[in-house]
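Accompanying notes for the structure given below.
The values are calculated or read from the model by the stated rules, or taken from the named source; none is laboratory data. What you see is a predicted model, and the numbers here were worked out from it, not measured in a lab. Cβ: placed from backbone, ideal geometry, glycine included. Neighbour counts: every protein chain shown. Surface accessibility is based on the protein's heavy atoms, side chains included, excluding ligands, DNA and RNA. Shrake-Rupley method; radii C 1.70, N 1.55, O 1.52, S 1.80 Å.
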Amino acid sequence: MNLITALKFYITRMTEESGPGMKVLLMDKQTTSIVSLLYSQSEIFLKEVYLFERIDANVRNEGLKHLKCIVFIRPTKENIECLCNELRYPKYGTYYIYFSNIIAKADIKLLAESDEQEVVREVHEYYADYLAISPHLFSLGINTCSQGLLWNPVHLHRTVSGLISVLLSIKKCPYIRYQNSSEMAKRLAEKIREVLSKESNSFEFKQDSPPILLIVDRRDDPVTPLLNQWTYQAMVHELLTINNNRVNLSHVKGISKELREVVLSAEHDEFYANNLYLNFGEIGQTIKELMDEFQKKAKKHQKVESIADMKNFVETYPLFKKLSGTVSKHVTVVGELSSLVEKHHLLQVSELEQELSCQSDHSMQLQKIKELINNQQIREIDVVRLVMLYALHYEKYANNDINGLLNLLKNRGVSDKYVKLVYNILEYSGINARQNNLFDREAVAKITKKLFKGLSGVDNIYTQHTPLLNETLEDLIKGKLSLQTFPYLGSTMMSKKPQDIIVFMIGGTTYEESLTVHNLNKQNPGIKIILGGTTIHNSASFLEEIQHATSGILTKYKNNNN
Amino acid sequence: MAGSEEVLEGFLCPICVTDFKAPVQLTKHFEDFHNDDPEILKSLKDLFGKAKKKILKQDEMSCSFANSVPSTTRLQRSPESNWEPQEIGVMRSHTKYFKEIRNMRLERYSTETNKLLIRLDKLLNNLPTDPVDRKVHERAIVPWIDDKDVKLCPICAKSFHVARRKHHCRLCGAVMCHNCTIFLSLQDAKKMTSPVSVQDDSAVSPTSERPISERIVRAGIGLTKLARSPSSGSLNSVLSLVNDSTGSEQHFRICTHCANLLDAREKQKAKHFDKPIVCQFYEKMRAYMKEASQHVKMYNKMWESLNEGESTYNLEDAQALRIKIAKLGENIDLISKRISVLGTRCVENPPQDQELRLHHMVRVSAMIFLKEELLSVQALPSEQRYAELQKERQRRIEARIAYERQLEEEQRERSKEQRRKETWNLEIRPTVKENQPNVVLDQSQGWGPSSVAPIMPSSMDPIIEQMSNLRAYIKQARADCRYDEVATLESNLKELQSVYFTMKQSNNSDG
Ligand SMILES: [Zn+2]
Ligand SMILES: [Zn+2]
Ligand SMILES: [Zn+2]
């Protein structure tokens, strides 16, 4: 069930099927991302692929007839059209065509009729139609999947294809459970079942224990993507944004040319692989140890006690930079993170965020939020996030002061767009959206407790919060997940406890949830969990998702509260 | 072709600076002239050493740290890596369906083309030289359309008159104007119909004498230049003029429709032979890489064994292999460099952007290969150091044996005590013997084949014969770099030698 392995199998097979010789890989935008997440340049060279071209590029050149062309594209209408053109006037000697998903027979016919020069050797479906970020984590690269709190049809189609491709690439035919409160989850579940029955020939596997496909909705847990993060990968994404394993550092003052864009890939960067789930402080320690070790060997003595010292160290010892491989890159990244934390007082912000999400002390928290709103050193976006958390937490609290906080925001001159986000998140994920409380008041309290559970005895005040997903999955593993909140699609049910779980989050998942799944996999040998999402959010992208999702609906919160 | 000359010149031997046309020839030259010259090998090694520094861009000091610093010990294996092995996911093939559809469509064209080729063949067969006889011959094979019914040229739709006369296509018999026909030379026609076709086999063989580029151009002719649509083809009118002046006996007049069909087929045929020089360079480079990788694997095994002080492999063999690897690395560097500058100095037909990128990438991949595969090859211990290593190993073994003996002794004492009480007849435990072969093997390491050989009397003793066979095998295996086989064969040889030696000794003491 390792997703990276599954995709690498496909790509390797593609490059091998065409035999030895120089190759060009012809891809579309999405398949380019899929492949670039898997391989470094030198790895792809080993497969004799030397050129990468885009099928939608409009350059018409003479072509190189002595090259073998491996076409790896999604079976979209535009791509088929481009490929038909390519085959009519082939630039390369032979073509090996691989579609990343199920393609219609009619499209194959179109292509066959375009191949008058008989350049095509193979046509296959290889289901590498998702972005494999970790062995247990995938994304579909859809930033905003809904509109008016309903599926955007284009994105629904892409999501169905993506999930079908995941299932085919790891050869699993699942039972489907979905979040009952979510229309979108139900709709996606039904669409997937449609494909499963239509393509039942492809889904005949020998399965010891059938897996569960659990479809959940981001709207059930809006808290996780709003929080500041302190584990390395999540933190980099929150503060610097990871896009296709790449981090843009060009805005950093005085950055050297080769570090303007850095690649963070656990597959090719041992330091990153070892540290991506560690918290910020531990990484600094690891780097310090490496530097000390180097000094001992080089008989040098320079104190390494702060991140500034580390940066100095890298500059003083170019040899360390050469020998430590990726470590100096991480010194830069860690340095940038630490300066952002300091500049924006993120420790202070994070402490209150954690309190708001895990404890209930209304008056004290309200007081602290007010203080931070009035503190001009705190970023606008951070105070807005605090107000959002407050609104989510105390929406139904009789003495809540959401309006007072909104007024404070306005007084501070926070832009309308941000102020509106507070309403948006209540619309997106207010208490009514999170669960169904028509008959049972007690359920409300329970769910609220789940989402904002108080944790005692946690030593790190910045990492008290655990995502809701953790509990959902723990329940599922124990066979205790409520059939009412997460019903099976259709009448068949699984009698055994599940061993293989594929959980998909509509509206995007987070690296914090990825870490949760990683830990569950570690704690439960024999259980395999894969996590996917329409995208991987940080707070900025999540706010965009909310804005998009709630566009075009009646904003009842605004009316109520004004 | 100015461009191809640029490509071919300057494949220089780095030793004697002789110019060679292709890497194959250069390598052959190397093997013939420079192979056993130790001076040359040394200089190659030096060259390679320079390349190493250049590629790694590292200073001397770094070597001592290279192994230790970046080793950030893996704290935890990710749980996903412990998941059971998986197989490749579902794959669905459409190749069969695709080809069915394609063939159905192409069959229409190919029957038509085949019909034309059969007619062309018949036309060429016994073609009369006399114009009148020839016309009869042509019309007998392809009936001509009655030109009275045709008022307009079916291709350009212009009306016929005195200045625009009617012409018949010799292949389909249709009528059209002069501008809408072209001439197919008899020579080209013959090539099209001959089963062996234009291309001789040498077109793909890199050993051929003729420049490859020339052959490719030859292979590409046919109708490619003739077949232009008449409206756009100034080339056509030029050709027609030329053709008219030379008379019709050298050509068949055919219509553009027929010409296009024939041309498509020629292009299809030519494609199989369209293999530019870069492919040959590239294939050679890949072959070197493959060979080098195999050697490196073998070498690393030998290196480890030698550094353990073992005598499975010879130090000299490892040295020879190391030089061989260096030589291959040098060749890979050289060829990839050639590829990266292919045609760049050509003014007339400079390589296009994509081609340049390709050549550059091939070069980059070679650099990565050299850096990651070959430059990691570690130096061997000196002979002195190796002797020390052997001694160390000997000491380790002896210490171990002594320790085991001691243990055994103690145990024996203990069991003696015990057994003395139980039973009287006690045999020595067999465990001592289990260790013995190991010791014997190591004591025999002073036995080199060369030092032993002269002692042997040249009789027809079967053991001696077998030994000389073994030596021949060893030589062969060594030449092929199959050092594992060398090791096995040598240990066989040693066994035989020790058998022979003990036999001789007992003979001597007997006699
Ligand atoms: Zn020479
Ligand atoms: Zn005409
Ligand atoms: Zn004709």
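Couple of notes before you dig in:
- Formal net charge of residues neighbouring B:Ser159 (Cβ-Cβ distance under 15 Å; K, R +1; D, E -1): +4
- Volume per residue that the Cα convex hull of segment B:253-318 spans, once the total is divided by residue count, Å³: 108 Å³
- Cross-link pairs exceeding 29 Å in C-alpha to C-alpha distance, out of A:Lys297/B:Lys327; A:Lys296/B:Lys324; B:Lys122/B:Lys158; B:Lys115/B:Lys269; A:Lys105/A:Lys171; A:Lys8/B:Lys96, comprise A:Lys297/B:Lys327; A:Lys296/B:Lys324; B:Lys122/B:Lys158.
- Other protein chain C-beta atoms within 10 Å of residue C-beta, averaged over B:467-477: 0.
- Peptides B:346-354, A:36-44, A:156-164 ranked from most to least packed by the mean count of surrounding Cβ atoms within 10 Å: A:156-164, A:36-44, B:346-354.
- Compactness ratio for segment A:67-203: Cα radius of gyration over 2.2 N^0.38 Å (N = residue count) comes to 1.20.
- For segment A:49-118, Kirkwood radius (reciprocal of mean inverse C-alpha pair distance, Å): 12.5 Å
- In this structure, the amide hydrogen of A:Ile176, modeled 1.01 Å from its nitrogen in the peptide plane, lies closer than 5 angstrom to those of A:Leu213, A:Leu489, counting only residues at least 5 positions away or on a different chain.
- Kirkwood-Stokes translational diffusion coefficient of chain A, alpha-carbon pairs, 4 °C, 1.567 mPa s, µm²/s: 50 µm²/s
- Full extension of the chain between B:Gln384 and B:Asn114 gives 89.6 nm of extra length, using 0.36 nm per residue less the Cα-Cα distance.
- Shape index of segment A:233-343: Rg/Rh, with Rg the Cα radius of gyration and Rh the Kirkwood radius from the inverse mean 1/r over Cα pairs, equals 0.94.
- Cβ neighbours within 10 Å from other chains - mean over A:21-33: 1
- Each of A:Phe9, B:Phe98, A:Phe205 has its accessible area taken with a 1.4 Å probe; listed largest first, they run A:Phe9, A:Phe205, B:Phe98.
- When nucleic acids and ligands are ignored and a 1.4 Å probe is applied, A:Phe52 ends up with an accessible area of around 80 Å².
- Chain A packed on chain B takes about 6500 Å² of accessible surface away from a 1.4 Å probe, both sides summed.
- On the basis of the beta-carbon distance and an R0 of 45 Å, B:Lys301 and A:Ala104 show a calculated FRET efficiency of 0.25.
- Rolled with a 1.4 Å probe across the full set of protein chains, the surface gives A:Tyr394 an accessible area near 10 Å².
- Once backbone amide H atoms are built at 1.01 Å from N, B:His94 has A:Val123, A:His124, A:Glu125 as its partners under 5 Å, excluding neighbours fewer than 5 places away on the same chain.
- The value for segment A:166-276 of Rg(Cα) / (2.2 N^0.38 Å) is 1.52.
- Using every pair of separate Cα atoms, the Kirkwood estimate puts the hydrodynamic radius of segment A:3-128 at 14.5 angstrom.
- Positive dipole terminus of segment A:3-128, leading residue within A:Val71, A:Ser114, A:Ala128 (C-beta point charges): A:Ala128
- Remark on A:Ile55: its backbone amide H falls under 5 Å from those of A:Met27, A:Asp28, a criterion applied only to residues 5 or more positions apart or on other chains, H modelled at 1.01 Å from N.
- Rg/Rh, computed from the Cα trace of segment B:277-374 with Rh as the Kirkwood radius, has the value 1.16.
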